[in-house]
Amino acid sequence: MIGVGAVSSGVLGDPHERGAEDTLAERFDCKEASRPVCDLESVEIERADDSTETVDGAEAEPYPDPPTAFGADDVVSFVRDHERAYARNDVLCSRERPEQIVDYSIEFDDVRRFDWYDEIHVVRVRYTETPSGVDEDGEPWAAADGYGGAVYAVDETAAVRTGLSLGPSGSVPSETETPDPVSTGSLVDCFR
């Protein structure tokens with residue numbers, strides 16, 4: 001009897017089972033590494049009483065240096081730091097009036113590493129995010145906590161990221177439903 005693996009994501013068999021692994025830098029073009037970056041400035045806000053106020057916007061977050069070691073703990077720490085910068089910069093750089101956000105914080109509440117590859121670490125993160133700022137009249141506001149998430153692949157050559165679709169109330173997908181950043185992600189950093 002001949003057995004055939006199930007087809008998943010266009011790949012025969014389990015999508016996380018691979019043969020000889022190329023490095024991430026070999027799989028992706030390092031010239032195409034991309035992540036949100038912007039310069040933010042202060043803004044002058046006119047209040048309802050005709051007074052003005054200068055509001056310093058939240059600062060863009062610098063991205064972390066590559067890990068100095070590539071053990072599981074080192075990579076998980078790098079992924080947290082990178083996603084904190086990526087998420088914050090994505091919000092600040094894409095908003096119509098980013099200078100009105102005065103604070104943006106994220107707290108990781110679910111971090112999991114998967115052993116899908118021999119030489120590539122795969123790390124899934126979920127976090128709560130809380131932006132706050134001032135409106136056009138200088139009145140403070142804070143958004144209710146929302147959820148964000150991503151999945152990273154990291155080896156000694158590069159880091160790749162894909163977004164993570166979360167279910168109701170921020171529920172994370174199972175391991176088998178977690179997207180594989182090696183096949184679906186975008187290059188965010190090259191280390192060499």
Starting from 0.36 nm per residue, how many nanometres of slack lie between R192 and E136 once their C-alpha separation is accounted for? 15.7 nm
Nonlocal amide H pairs with D110, under 5 Å, H built at 1.01 Å: R126
For the range 84-89, just list the computed ³J(HN,Hα) in residue order, Karplus coefficients 6.51, -1.76 and 1.60, θ = phi - 60°, integers in Hz, with x standing in for Gly and Pro. 4, 5, 4, 5, 4, 5
What FRET efficiency would be calculated for the residue pair S77, E175, taking the C-beta separation as r and a Förster radius of 25 Å, to the nearest 0.05? 0.70
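Values quoted throughout were computed directly from the atomic coordinates according to the rules given, and no laboratory measurement underlies them. Since this is a predicted model, take the numbers as computed values, not measurements. Every residue, glycine as well, gets a Cβ built from its backbone with ideal geometry; the counts of neighbours run over all protein chains shown.
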